[in-house]
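The values are calculated or read from the model by the stated rules, or taken from the named source; none is laboratory data. Just so it is clear, the model here is predicted, and its values are computed rather than measured. We place every Cβ from the backbone using ideal geometry, glycine too, and count neighbours over all the protein chains shown.
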Amino acid sequence: MMKNKLELKKYLKKSFLLSLIFISAFCILNIYEYKTYTKNFNSKISNMVSLIKEKYPSIKETDLLDALNEDKSDIEFFKKYGIELNRDSIILENNNYFKLFLATNLIFLLLSLVIIICLFLKYNYNKDKELNNITKYIEEINRKNYSLHIDEISEDELSILKNEIYKTTVMLKENAENSLHDKINLKKSLEDISHQLKTPLTSILVMLDNLIDNDEMDINTKNEFIHDIKKEIMNINFLVQSLLKLSKFDSNTITYIKEEVSISKIINKAINNVSLLADLRNIEIEVESNNKDCKLKCDSKWQVEALTNIIKNSLDHSNKNNKIIISYTSNKAYLEITIKDFGEGITKEDLPYIFKRFYKGKNAKEDSVGIGLALAKTIIEEDNGIIDVSSSDKGTTFTIKYFFLL
């Protein structure tokens, strides 16, 4: 709207300037005509006064001036010589000047009209040309050709329209690229999911076939098969649930309920979720903090989910009869949580990819699906956080920072 007002103002200025030039030229021409008439008329009157004074020396100059200024005229006298005072000039030369100036005025007006028409036609031609270009741009966009370039820098309404079309083109191009990227990611994700499901499903089918075909199988072997089948089904269930959670984040269908929550409560709930696994491996989880009142504005349910996945990963890679240390602190800028284990560590080759979906490192467990850390990273980032990891052969440390937005 502001650009259109500026363009209208600019157009009015140009129109006013052009009109001023034509009016000024016309006024100058009329002034010149008046001065020419006056000069010629005064010259003839002056000659007449000189002739009268020469013929009649006794006549007074005041009488001559009065005669010139009085509104008296002998119409019949001039009619004898074919001069109509209401129509013709007494000085015949002025008639010639009148015809000349009339022709000049007509030529000037016609020339002005021609210039205005030419400018108007040129303006319309440029408009039509721009409109044709815009039509071609739109046709190319409809053909999904987004490689358009609009280099003109102007403020007229069509250039503004072209620039807006170009912005729309860039947006459509980005959307098309993102759509293609999403399709590629979806295809890859489906391939990864298929791969993740194929192994446990195949294993379940093989074990079921053994159970069905072998009627004489001893009870201990049957129980082992049933236990393994249950374990594989639980892995599949975990994978499906994790994928559903990730898909909700990807589609922005999760409604966050943010509130001030004590970070110690979130950590304790996450520890409680993995307490059974920790007890089975005889791993102690220690919590350290110099500020027990640290609070975070977040959706506590999802942050518990994120920390649970990270602590579980640390448990999976820790040696038995060991410990995991969780510490947290805060300052004016952020709240920081560190989760440190003393396990086998992550190789340098795997370290850049551990938050990637379905990635399984060299030290990953056989039943790992490679999705827990990816989900944790997504959740943490939703609450203005970042997660980093460092590792060596002496253990791994996850560092999480939640930034306080001012």
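Do any helices (runs of 4 or more DSSP H) lying entirely in the stretch 214-293 carry at least 1 residues that are under 26 Å from GLY370 (Cβ atoms) and outside the structural domain of THR308 (by TED's automatic domain parsing), and which ones are they?
219-250
Small (Gly, Ala, Ser) and either in a loop (DSSP other than H, G, I, E, B) or modelled with pLDDT under 85 (or both): does that describe ALA364?
Yes.
Search the stretch 341-356 for residues being charged (D, E, K, R) and either surrounded by fewer than 18 Cβ atoms within 10 Å (Cβ to Cβ) or out of contact with any strand residue (DSSP E or B) (no Cβ under 6 Å at 6 or more places or on another chain) (or both), and hand back the single one that is nearest to ASN268 (Cα to Cα).
Looking only at the stretch 341-356, we keep the residues that are charged (D, E, K, R), and these are 341, 344, 348-350, 356.
Of the ones still in play, those that are also either surrounded by fewer than 18 Cβ atoms within 10 Å (Cβ to Cβ) or out of contact with any strand residue (DSSP E or B) (no Cβ under 6 Å at 6 or more places or on another chain) (or both) are 344, 348-350, 356.
Numbers: GLU344: 25, LYS348: 31, GLU349: 33, ASP350: 29, LYS356: 27 Å.
Ranking the candidates gives GLU344 first.
For the stretch 326-339, which positions are closer than 20 Å to GLY372 by Cβ and surrounded by fewer than 19 Cβ atoms within 10 Å (Cβ to Cβ)?
THR338 - this is the single residue of the stretch 326-339 that is closer than 20 Å to GLY372 by Cβ and surrounded by fewer than 19 Cβ atoms within 10 Å (Cβ to Cβ).
Of the conditions (1) closer than 25 Å to SER390 by Cα; (2) exposed (fewer than 14 other Cβ atoms within 10 Å of the Cβ), SER289 fails just one. Which one is it?
So the condition that SER289 fails would be (2).
Does LEU205 satisfy being closer than 30 Å to ILE226 by Cα and either at pLDDT 70 or above or more than 22 Å from the chain's Cα centre (by Cα) (or both)? Lay out the reasoning, then the answer.
Values: closer than 30 Å to ILE226 by Cα: yes; either at pLDDT 70 or above or more than 22 Å from the chain's Cα centre (by Cα) (or both): yes.
Criteria met by LEU205.
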